[in-house]
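A short reminder: the numbers here are calculations on the coordinates, not readings from a lab. Keep in mind it's a predicted model, so treat the numbers as computed, not measured. Don't worry about glycine lacking a Cβ; one is built from the backbone with ideal geometry, like all the others, and counts go over all protein chains shown.
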Amino acid sequence: MSNEQLQQQYEWAKAAYAKYGVNTDDVLKKLADIKISMHCWQGDDVAGFMNPDQELTGGISVTGNYPGAAHTPEQLRADLEKAFSLIPGKHKVNLHAMYIDTDEKIDLDEIEPKHYEKWVAWAKEQGLGLDFNPTFFSHPNSEDGFTLSHPDKKIRDFWIEHGKRARKVAAYFGEELGQTSVNNFWVPDGFKDNPIDRLAPRKRLMESLDEIFAEDLDKKYTLDAVESKLFGLGAEAYTVGSHEFYMGYGITRNKLVCLDAGHFHPTEVISNKLSSLSLFSDGILLHVSRPVRWDSDHVVIMDDELQEIGRELVRNDLLGKTNIGLDFFDATINRVAAWVIGTRNTIKALLKAMLEPTEYLKKIELEGDYTTRLALTEELKDFPFAAVWDYYCEAQNVPVREAWLEEVKKYEENTLLKR
């Protein structure tokens, strides 16, 4: 499609939305300021570079053996660069602690900012931010399924030290890059079968987290987040860090509460939780994923829940207090393509929501005109959203529509298949 055709279609769409008071030019300016935190672990199947041969544990499972997985930090950064070149806007990368880039042989309780200096230098070159996650899985000290809530104090102390050091790394990211680094704490602790004592492990987890967070760090540089989970492989009956645990912990300790789309009951959605959480929390961390019957972390598609998440963030003016990250890993398809599909869809969902005449819809709802509310929200589904998206991609110098796929296939042939 030529530039002239894109412009013509955009002008037509612009007029359609203007009828209801939506200025598409302003919407696209706001959209360009939204940063999505793209997770590094899609690129190498959650192996990391600390002990890449260590068995993946913590209730996590990656299926597939598509060729081209990254095996070094340099390869992973090259793959990330290719993905970002096909995604509109400037965003962030979400690193796990195990993705160190150093020749030193260290353990998780020894990490320091210097072990991530190459990541920071690269992020500066690319104009990206960095978020962080301590790694509480795939380690000998997590083999029995417990870390911060472990009954053995020596093992707890190991993980507490790791958590403390992870916070220092995140603060280093924020200070060096001028973008607040969100540091997300998720632990896999739990039992495969029904426990007798549900309270004691949660008390140990609470005390361990309190010790990790005892030192105040400048929130200008880093924000701590805590993430719940319903269950994982090997922890089907009981998860120490449940939603109720972390909701209480995050609110009473002034931490971000992370809502992951896959970490709840199969029929439960996180879109309906955002407005409630916003009333009691200074900020939210959102992990956009796609569960299929369980927390299977499928690549994000433009499904009903993704669009509902976008609408909730926009309609309730929550974009300013919500940190949006991705969390999926699929080794059955091209990993760069997975990043591009998931990230573009997340941005699309936000754009689609921002093109709604939100204030008008709220007005007629308050007036009790539910007929117009239903009729208009249905008709808006057929408005020329795609023309606005195409114009935005062109303006951001990334491929329009499916043209990005050809770029990925060339990269696969020239780079990924040669690994």
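Side notes on the structure shown:
- In order along the range 329-335, phi translates into HN-Hα couplings of 7, 10, 9, 8, 10, 4, 5 Hz, rounded to whole numbers, per the Karplus curve 6.51 cos²θ - 1.76 cosθ + 1.60 with θ = phi - 60° and x for Gly and Pro.
- Rh by Kirkwood over Cα pairs, then Stokes-Einstein D for the range 271-380 at 0.692 mPa s and 37 °C, µm²/s: 215 µm²/s
- Here is the list for the range 111-162: GluC sites (Glu not before Pro) lying in DSSP coil, each with at most 15 other C-beta atoms within 10 angstrom of its C-beta, are E143.
- Stokes-Einstein D (µm²/s) once Rh is taken as the Kirkwood radius of the chain over alpha-carbon pairs, at 37 °C in 0.692 mPa s: 147 µm²/s
- 3J(HN,Hα) along the range 133-138: 8, x, 9, 9, 8, 6 Hz, from the Karplus curve 6.51 cos²θ - 1.76 cosθ + 1.60 with θ = phi - 60°, whole Hz, x for Gly and Pro.
- Cβ-placed point charges (K, R +1; D, E -1), dipole of the chain about Cα centre in debye, nearest 20: 520 debye
- Rounded to whole Hz, the Karplus (6.51, -1.76, 1.60) HN-Hα couplings of the range 271-282, x for glycine and proline: 4, 6, 8, 4, 5, 5, 4, 4, 6, 10, 10, 6
- Between amide H atoms placed 1.01 Å from N, distances below 5 Å from L130 occur with V93, all of them 5 or more places distant or on a separate chain.
- In this structure, the amide hydrogen of H298, modeled 1.01 Å from its nitrogen in the peptide plane, lies closer than 5 angstrom to those of R290, V292, counting only residues at least 5 positions away or on a different chain.
- Summary value for the chain: 20 percent relative contact order, contacts being C-alpha pairs under 8 angstrom separated by 6+ residues.
- Cross-link reach list, lysines versus K381, counting only Cα pairs under 18 Å and skipping chain neighbours closer than eight places: K14, K19, K348, K352, K362
- Taking amide H positions as modeled 1.01 Å from N, with prolines and chain starts lacking one, the residues under 5 Å from N323 and 5 or more places away or on another chain are I284, L285, L286.
- Helical runs assigned H by DSSP (4 residues or longer) give the chain a calculated mean residue ellipticity at 222 nm of -13500 deg cm²/dmol, each run adding -39500 (n - 2.57) before division by the residue total.
- The chain: most fluctuating residue of R315, R202, R253 per GNM, C-alpha cutoff 10 Å: R253
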